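Working notes, beginning with the structure itself.
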Amino acid sequence: MKRRKRTQFWGAHPDDDKLVLEILSGHKTATVCKADEYYTAMGEFDDGCMEVGDLIDVFDLRGRWRCVIRVTEVYPVRFGEIPEKLWRGECCRDADHFREAHRRCWPHYALTDDFEMIATHFELVSPE
């Protein structure tokens with residue numbers, strides 16, 4: 001039997017499960033990743049490459065299964081052009097807050113206005 005794809009949500013700190021808790025509460029409905037890493041698996045609990053319609057098992061940073069999400073939309077976006085539906089889905093106050101939060105989480109990237117990301121929107125299917 002084929003298993004569902006997996007993902008984890010990484011915050012600013014290695015043991016911070018705040019993003020998973022935001023998903024479980026129904027507030028977080030979007031995420032982004034560096035465009036050239038979109039198809040890359042990022043560890044044991046992340047398969048990379050989410051596509052519209054995929055059901056994804058979400059694991060916390062300790063490797064515990066927490067919920068299932070369904071991907072509803074995927075599109076490219078530049079760091080300097082964050083649409084409202086994305087910053088809202090990322091639980092941010094506005095586009096500037098989105099950029100500030102991602103600068104903290106991604107200090108090793110040069111986050112210029114032209115920095116390319118892939119945005120993924122999702123809905124909670126089943127909580128823990």
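The values are calculated or read from the model by the stated rules, or taken from the named source; none is laboratory data. Being a predicted model, the structure only gives us computed values, none of them experimental. Cβ placement follows ideal geometry from the backbone for every residue including glycine, while neighbour counts extend to all protein chains displayed.
Can you name every residue in segment 38-90 that is in contact (Cβ under 8 Å) with a residue 24 or more places away in the chain, aromatic (Phe, Trp, Tyr) and farther than 20 Å from GLN8 by Cβ?
Matches in segment 38-90: TYR75, PHE79.
State the number of residues belonging to segment 39-79 that are within 14 Å of ILE23 (Cβ to Cβ) and part of a loop (DSSP other than H, G, I, E, B).
Number of matching residues: 4.
Suppose the filter is out of contact with any His (no Cβ under 6 Å at 6 or more places or on another chain), at pLDDT 95 or above and surrounded by fewer than 18 Cβ atoms within 10 Å (Cβ to Cβ); does LEU55 pass it?
yes
Read through the list (1) touching a strand residue (DSSP E or B) at 6+ places or on another chain (Cβ under 6 Å); (2) part of a loop (DSSP other than H, G, I, E, B), then give the number of the only condition that ILE82 fails.
Evaluating ILE82 over (1) touching a strand residue (DSSP E or B) at 6+ places or on another chain (Cβ under 6 Å); (2) part of a loop (DSSP other than H, G, I, E, B) leaves (1) as the failure.
Determine, yes or no, whether VAL20 is at pLDDT 95 or above, out of contact with any helix residue (DSSP H, G or I) (no Cβ under 7 Å at 6 or more places or on another chain) and either closer than 27 Å to ASP113 by Cα or surrounded by 14 or more Cβ atoms within 10 Å (Cβ to Cβ) (or both). Before you say what the answer is, go through the steps one by one.
Working: at pLDDT 95 or above: no; out of contact with any helix residue (DSSP H, G or I) (no Cβ under 7 Å at 6 or more places or on another chain): yes; either closer than 27 Å to ASP113 by Cα or surrounded by 14 or more Cβ atoms within 10 Å (Cβ to Cβ) (or both): yes.
Taking the combined requirement at face value, the residue does not satisfy it.
Would you mind stating whether ARG103 is of a type in the set (D, E, K, R), without any contact (Cβ under 8 Å) to a residue 24 or more places away in the chain and within 18 Å of LYS18 (Cα to Cα)? Reasoning before the result, please.
On the way: of a type in the set (D, E, K, R): yes; without any contact (Cβ under 8 Å) to a residue 24 or more places away in the chain: yes; within 18 Å of LYS18 (Cα to Cα): yes.
So ARG103 fits the description; yes.
Does ALA101 fit the bill of being among the aliphatic types (A, V, I, L, M), at pLDDT below 95, outside any loop (DSSP other than H, G, I, E, B) and closer than 14 Å to LYS28 by Cβ?
Details: among the aliphatic types (A, V, I, L, M): yes; at pLDDT below 95: yes; outside any loop (DSSP other than H, G, I, E, B): yes; closer than 14 Å to LYS28 by Cβ: yes.
Yes: the conditions hold for ALA101.
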